[in-house]
Each structure stands twice: as structure tokens, then as C-alpha cells.
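The values are calculated or read from the model by the stated rules, or taken from the named source; none is laboratory data. Predicted model only: the values in this text are computed from it and were never measured. Glycine gets a Cβ as well: all are built from the backbone with ideal geometry, and neighbour counts include every protein chain shown. Heads up: the accessible areas ignore ligands, DNA and RNA and are worked out on the full protein's heavy atoms, side chains in. Shrake-Rupley method; radii C 1.70, N 1.55, O 1.52, S 1.80 Å.
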Amino acid sequence: MQKLDLFKEQISSASSKRIIITTHHKPDADALGSSLALALYLQKKNHQVTVVTPSDYPSFLHWMKGNENVVNFEDAQQVERARNLIQEADIIFCLDFSNLGRLQGMEKPVREADAYMVNIDHHQDPEDFADFSFSSTKAAATCELLYDLIVKVGDKELIDKDIAECLYSGIMTDTGGFRHPNTTKNVHLVTAELIDLGADNSKISRLIYDTYSVNRLKFLGFALTRRLTILPQLNTAYFGISKKDLRKYQSQTGDTEGLVNYALSLDGIKIAALFTERKDGVKISFRSSEEVAVNKFAATFFEGGGHKNASGGISKLPLEETMKRFEKLVSENKHILFNQLALVDEKNQ
């Protein structure tokens with residue numbers, strides 16, 4: 001309670017503060033939605049607020065209020081301004097990540113900043129870097145936590161339609177359209193409140209899930225027909241997407257979003273993965289059915305982590321070698337993965 005009271009003093013309308021809000025590299029709807037919602041809320045409390053993202057993000061999120069004012073740290077024309085804003089900030093909010101390493105190129109300036117640090121997040125294994133932390137792994141989304149925090153400090157009346165729609169977006173996507181096991185009673189209560197506050201749930205769903213470019217739709221068809229591998233004996237399916245594939249379909253940030261879920265939707269599949277070849281390595285997205293903890297698998301073998309049924313990782317091996325290694329690891333650990341025992345360490349085999 002002492003820390004909450006100090007936090008309330010920090011964001012009080014009594015004196016205007018220079019505030020930076022940031023989130024993880026390649027923000028998704030929960031990351032961007034919570035950032036823009038918080039910015040709109042703090043602006044109502046008379047603060048000077050700027051959202052600085054470590055990278056760009058999908059175009060299907062550009063409709064959110066405040067998007068036009070976001071500063072992209074990877075944009076050569078904005079990076080100097082971003083560094084100055086971080087250095088001069090009185091408060092820095094870090095949303096939807098538990099470790100400063102998720103900022104990638106922005107990590108050093110944020111870590112070195114002389115500012116009051118706030119972390120709002122729902123991921124496991126948090127780094128102890130914040131002066132005030134509002135986190136819970138039981139929350140489905142950072143947007144859910146942010147709504148609860150605004151209510152807790154007594155400012156629910158400041159949540160308008162624009163804020164409500166940003167918050168609704170993050171909760172909707174991080175629950176997989178309210179299909180995942182993290183869709184709790186509180187999720188439904190919060191989203192019901194957000195709809196009452198003006199969130200147009202039908203519009204939001206259409207803008208996020210049903211706004212495809214022609215190239216993205218063609219890429220999806222290509223991936224489903226040419227890049228899907230199914231291993232029924234392992235209850236596993238995965239996609240392998242090369243840099244050549246991405247170039248062929250002029251892939252933009254966000255075009256692979258949700259692809260891994262098609263693999264998991266197959267009957268009998270309990271583990272799904274998406275391997276995407278990037279210039280700095282192979283980016284991996286893992287998904288699993290409720291009983292399989294892919295976050296442990298990601299952390300043990302692919303320098304990753306995340307939620308029990310939705311995690312990520314990275315591989316420095318070439319794409320084909322990474323996929324072969326994945327198949328081998330799942331085969332060797334199948335009985336362990338499905339029974340939640342200790343994973344087999346490659347080094348001790």
C-alpha cells in the first residue's frame with residue numbers, strides 16, 4: 001500500500017511530469033493498446049506523455065487513438081529524439097514485459113535513465129528493475145491489469161471510449177478472442193465494463209482480425225499449403241518461414257501474426273510452432289494445448305519463455321537445422337512435456 005500511495009503521488013495532477021511509456025520490441029495489441037491507453041489516461045492528468053516503441057508494429061493496430069504520436073526508436077529520423085525523451089523523463093512506464101532485455105536496442109538508455117520506473121506486466125520471472133511494479137501472472141493481459149490499476153487509484157471516470165477500445169484490444173487478442181484458458185471471470189467482467197464505457201467490440205475485432213492486405217492473404221495461403229509440417233505421432237505441427245518467403249510476399253510487420261494458431265487448431269495437435277528466419281536468427285513462436293507448458297520448453301532449449309501456452313524463443317542455427325532440432329527435442333521429451341516433468345537437458349544426454 002505504501003508503494004501504491006507513492007505511485008499515486010507520482011502521477012497526481014498536481015504537477016506535470018515528463019513521462020515516457022514503452023513496451024517490448026515488435027509490440028502486439030496488448031503492448032500497444034496498454035501503452036496508448038495509459039498515455040491517454042495520463043494526458044488527462046495534465047502530464048507530458050510520449051509513447052516510445054523499440055520498433056515498428058503491425059499496420060492493423062494503427063487505428064488506435066494516439067498512434068500518430070508514437071516515436072519509433074528504430075526509425076533513424078526519430079532515434080535521437082527518443083534518446084533525449086528517455087534521458088529527460090521523470091517517469092518511465094514499462095508495459096507488457098518483465099525483463100529490460102525485451103527492449104533490445106532501447107535497453108541501455110532505459111536502464112541508465114534517472115527516472116522513477118514503473119512496470120505493469122503479466123509475464124513470469126520479472127526482473128527487479130522498477131520502483132513500482134503492478135504485475136500478476138494470473139492476468140490474461142497487461143491491458144486487464146492497467147484497467148484494474150486505474151480503478152484502484154480511483155480514476156475510473158477518466159476511462160473514455162478511446163481508452164476503453166485500446167484496453168479491449170489487448171485483452172481480446174491476448175485471450176485469443178476469448179478462447180484461451182486465461183479467459184477468466186475477471187476478463188469477462190472487465191471487458192463488459194469496457195463495452196459499457198464505449199468500446200465497440202465488433203469494430204475492434206474487424207480491424208484487428210479482418211483487415212488483410214492482398215499480399216498477406218496470399219502469404220497465408222502459401223504458408224498453409226507449402227510450409228506446414230504435421231507430425232501426428234508427436235501431436236505436433238509447425239511452420240517454417242524463410243527470408244525468401246517473406247521477400248516473395250513483401251511481408252510487413254504483423255503479417256505472420258496468428259499463423260502459429262492454425263497449426264494448433266488441427267485435430268490432435270497439442271504443440272505448435274512457427275519458425276521465422278530473420279537477419280539476427282530464427283524467431284520462434286510456440287503454442288500449446290492447456291496441459292502442455294511450452295514456456296519451460298522454450299526457456300530450456302531456445303533462450304525464451306513466456307506464458308504456459310504461448311511462448312517465444314530464438315535460435316542461432318540455420319532454419320532447417322533449427323526445425324530438425326525442434327523435432328528431435330519434442331520426440332525425446334514427448335512423455336515429459338505431456339506429463340509436466342523435468343525436461344531432458346541436451347548436455348547430459
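Only one entry of Ser311, Ser285 meets the criterion of being at pLDDT 95 or above and closer than 30 Å to His62 by Cβ, and that entry is Ser285.
Of the residues making up region 188-241, those that are closer than 17 Å to Ala263 by Cα and polar (S, T, N, Q) are Thr225, Thr229, Gln233, Asn235, Thr236. Whether a residue is over 19 Å from the mean Cα position of the chain (by Cα), within 28 Å of Glu74 (Cα to Cα), open to solvent by less than 40 Å² (accessible area, probe 1.4 Å) and at pLDDT 95 or above was assessed, and Leu220 passes this test. If you check Ile314, Ile284, Ile230 for being among the aliphatic types (A, V, I, L, M) and either assigned to a loop (DSSP other than H, G, I, E, B) or open to solvent by less than 30 Å² (accessible area, probe 1.4 Å) (or both), only one passes: Ile284. Could you go through region 32-45 and let me know if any residue there is assigned to a loop (DSSP other than H, G, I, E, B), in contact with a Phe, Trp or Tyr (Cβ under 8 Å, 6 or more places away or on another chain) and of a type outside the set (Phe, Trp, Tyr). The answer is no, given that none of the residues of region 32-45 is assigned to a loop (DSSP other than H, G, I, E, B), in contact with a Phe, Trp or Tyr (Cβ under 8 Å, 6 or more places away or on another chain) and of a type outside the set (Phe, Trp, Tyr).
Of all residues in region 289-310, those satisfying the criterion of being among the small types (Gly, Ala, Ser), open to solvent by 10 Å² or more (accessible area, probe 1.4 Å) and either within 19 Å of Asp96 (Cα to Cα) or part of a strand (DSSP E or B) (or both) are Ala299, Gly304, Gly305, Gly306, Ala310. Considering region 174-207, the residues that are touching a residue at least 60 places away in the same chain (Cβ under 8 Å) and part of a loop (DSSP other than H, G, I, E, B) include one that is nearest to Ala37 (Cα to Cα), namely Gly176.
Within region 233-257, if we keep just the residues that are touching a residue at least 40 places away in the same chain (Cβ under 8 Å) and under 20 Å from the mean Cα position of the chain (by Cα), the residue that is surrounded by the most Cβ atoms within 10 Å (Cβ to Cβ) turns out to be Asp255.
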